[in-house]
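The values are calculated or read from the model by the stated rules, or taken from the named source; none is laboratory data. Since the structure is predicted, the reported quantities are computational estimates derived from the model, not experimental observations. Cβ atoms come from the backbone with ideal geometry, glycine included; neighbour counts cover every protein chain shown.
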Amino acid sequence: MLRLGRREFDVHEPVIMAIVNRTPDSFYDQGATFRDEPALARVEQAVAEGAAIVDIGGVKAGPGEEVTAEEEARRTVGFVAEVRRRFPDVVISVDTWRHDVGEAVCEAGADVLNDAWGGVDPRLAEVAARYGAGLVCTHAGGAEPRTRPHRVTYDDVMADILRVTVGLAERAVELGVPRESVLIDPGHDFGKNTRHSLEATRRLGEMVDTGWPVLVSLSNKDFVGETLDKPVKERVIGTLATTAVSAWLGAQVYRVHEVAETRQVLDMVATIAGHRDPAVARRGLA
């Protein structure tokens, strides 16, 4: 059982986490949801299309203009409070690696801290424990926040992913984060080249076998683009194919831009796997 905020999810229940960027320079939407009203409209649409979680981020992952902790908090804290007011049942996640930002957003009503940079600030897990918030434990290959990988190598990429993410998850529980609220994430593209991300996908079942719920953040990433030689805006089909494979291998939470399309893919895979009934059944019955 996965428990996040007010919501509980069965082990075979796929969960969509919709991306809401509060940045002017996102690689995908170039600031479309930087202002409050477009961002709130994005949350409303995502929830209507089937997202149970919204993941709010105030700093883009890649290199760019410096964003201080104060500026990151300015972009996220008030928005978290407003989302909490308007959507009391949605699970609110905040994508941050900084403990002081984590504390501020938890005070404002966040349910999950999405640590995409692999525990670079160890105090973030302490904040999650203090507030009873969920925590995403990600493999980033030891990379510093907002840096791109350069000639990174692993003897065994999945062995390293398991070592880091399970270690972070176990530490979080020892600190007091509820075990049922901790997830592990292989960190596609973070501290990895395309072949590493493809191998991590192919071997995702090894993460699932640890017993920790697995979150994947696949949406329109560079490993999809390089695999198919497609620019950012033409990576949806590749993303959905990777989503289907990940769902079949047992990942549970999907951080995405395209909510409605992802919902259909996950429902189809869950039904083929026998975890969900068809929405209707007419063929051959009349």
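In a residue-by-residue description of segment 91-112, the property of being free of Cβ contacts under 8 Å to residues at least 40 places away in the same chain, surrounded by fewer than 20 Cβ atoms within 10 Å (Cβ to Cβ) and hydroxyl-bearing (S, T, Y) applies to no position. Within segment 239-275, being outside any helix (DSSP H, G or I) and either in contact with a Pro (Cβ under 9 Å, 6 or more places away or on another chain) or under 19 Å from D222 (Cβ atoms) (or both) holds for A251, Q252, V253, Y254, R255, V256, H257, E258, H275. Being in contact with a Gly (Cβ under 8 Å, 6 or more places away or on another chain) and at pLDDT below 95 is the requirement here; does P24 meet it? Against the criterion (in contact with a Gly (Cβ under 8 Å, 6 or more places away or on another chain) and at pLDDT below 95), P24 qualifies. The residues of segment 218-238 that are part of a helix (DSSP H, G or I) and either among the acidic types (D, E) or under 16 Å from H196 (Cβ atoms) (or both), listed by number, are D222, F223, V224, G225, E226, T227, E234. Checked against (1) in a loop (DSSP other than H, G, I, E, B); (2) under 30 Å from W248 (Cβ atoms); (3) touching a strand residue (DSSP E or B) at 6+ places or on another chain (Cβ under 7 Å), A46 meets all criteria but (1).
Residues in segment 151-198 that are over 18 Å from the mean Cα position of the chain (by Cα), of a type in the set (S, T, Y) and part of a helix (DSSP H, G or I): T194 alone. Checked against (1) of a type outside the set (D, E); (2) in a helix (DSSP H, G or I); (3) surrounded by fewer than 22 Cβ atoms within 10 Å (Cβ to Cβ), F34 passes all but a single condition, namely (2).
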